[in-house]
Amino acid sequence: MSALGAVVLDTDGVLLDSAALHAGAWKTAFDGCLDSWASDGGSRQPFDAHREYLDLVDGKARHDGALAFLHARGIALPTGTPDDPPGCGTVWAVAARKEQAFTEALRTRPVTPFEDVRPALIRLRERNIRCAAVSASRHARPLLQAAGLVDLLDALVDGTDAARLALAGKPDPALFLEAADRLGTTPAHAAVAEDALAGVEAGRRGCFGLVVGISRTRAPDADAQLRAHGADVVFPDLGALAARVCGAGR
């Protein structure tokens, strides 16, 4: 393995304890539309905020996550436009419902970093290993600022950047490749840390030197799923990642 001089880290679920808020927002968005979709042959089965969240929407941009769920349920909706208001009639309207639900959730529940994150980022910085955060969410920058992590990061690629630069969402590696470029490194000399299946697949497609699956929930099949989608190794937290990268890189 080449010496690793950089780490590209997913934001939600790796740096910030925000995955549950995203899953809850998706559930609100989908379940509120099930009755209207059922008239067109869609299933009334409520959204599974664990399994379907991980398999279909975790780590993806809002539009892509909504589309994946609809396809999985056999529901065909017009695409609509990014300006569609929250609703159930188009893919973009469903995505807007999720955005609305997530924004409302943020008003009542602050998002905090996992306890292992700051010590791991400090250790990486002390060893001159550059770090970037990546997220498909437009909320990532203010959330990372509120969590006090921005000063420990050398770069950030978020949903606003993705829209401005027309970067494809995960499992396409475009977000990760942009982050590596901003860190001044090549994918082969950088690690990717992801908790989402689409994310580890993106790391593998981007030919990163090390693709790390972060499995905080320790669900029975989590490690196997992350490995099946492209993770070289699976760790329970960023402390183990920092130990591996610092040992490999220096």
Using alpha carbon centroids, what distance separates segment 182-250 and segment 42-71, in Å?
23
Note down the magnitude of the dipole of segment 121-208 about its Cα centre, charges +1 on Lys and Arg C-beta and -1 on Asp and Glu C-beta and zero elsewhere, to the nearest 20 debye.
80
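Give me Rg over Rh for segment 20-108, both radii from the alpha carbons and Rh done the Kirkwood way, two decimal places. Can you show the working numbers first?
Numbers: Rg = 11.7 Å, Rh = 12.7 Å.
Radius of gyration relative to Kirkwood radius: 0.93.
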Report Rg (one decimal) and Dmax (nearest whole number) for segment 51-99, counting Cα atoms only, units Å.
10.0, 30
Using Cα pairs closer than 8 Å and at least 6 residues apart in sequence, work out the relative contact order for segment 20-108, in percent.
32
Rel. contact order, % - alpha carbon contacts under 8 angstrom, at least six apart, segment 102-177:
28
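For the peptides 115-125, 73-83, what is the packing order when you average, over each peptide's residues, the other Cβ atoms within 10 Å and list the highest mean first?
115-125, 73-83
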Over the chain, what portion of Cα pair distances is larger than 32 Å, expressed as a whole percent?
19
What is the chain's relative contact order, in percent, from Cα pairs under 8 angstrom and six or more apart in sequence?
24
Could you tell me what a quarter of the Cα convex hull surface of segment 110-183 works out to, in nm² with one decimal place?
5.1
Using a simple spin-label model with points 7 Å from Cα along the Cα→Cβ vector, what separation in nm is obtained for Glu104 and Ala228?
3.5
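Once you have the Cα-Cα distance between Ser36 and Asp151, take 0.36 nm times their residue separation minus that, and quote the gain in nm to one decimal.
Contour length minus the Cα-Cα distance gives 36.8 nm.
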Under the helix-only model (-39500 (n - 2.57) for each DSSP H run of 4 or more, divided by the residues of the chain), the mean residue ellipticity at 222 nm, to 500 deg cm²/dmol, is -12500 deg cm²/dmol
For a quick check, take a GNM of the chain with Cα springs below 10 Å and name the residue from Asp35, Asp172, Asp64 with the largest mean-square fluctuation.
Asp35
Rounded FRET efficiency, nearest 0.05, which uses the C-beta distance separating Ala243 from Ala219 and R0 of 25 Å
0.60
How far apart, in nm, are two points set 7 Å out from the Cα along the Cα-to-Cβ line at Asn128 and at Thr79?
4.7
Give the list, by residue number, of cysteines in the chain with no other Cys Cβ closer than 4.7 Å, or say none.
Cys131, Cys207, Cys246
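Throughout, read-outs are computed from the coordinates displayed, never taken from laboratory work. Source: prediction; values computed, not measured. Reconstructed Cβ throughout: ideal geometry from the backbone, glycine too, with neighbour counts over all protein chains shown.
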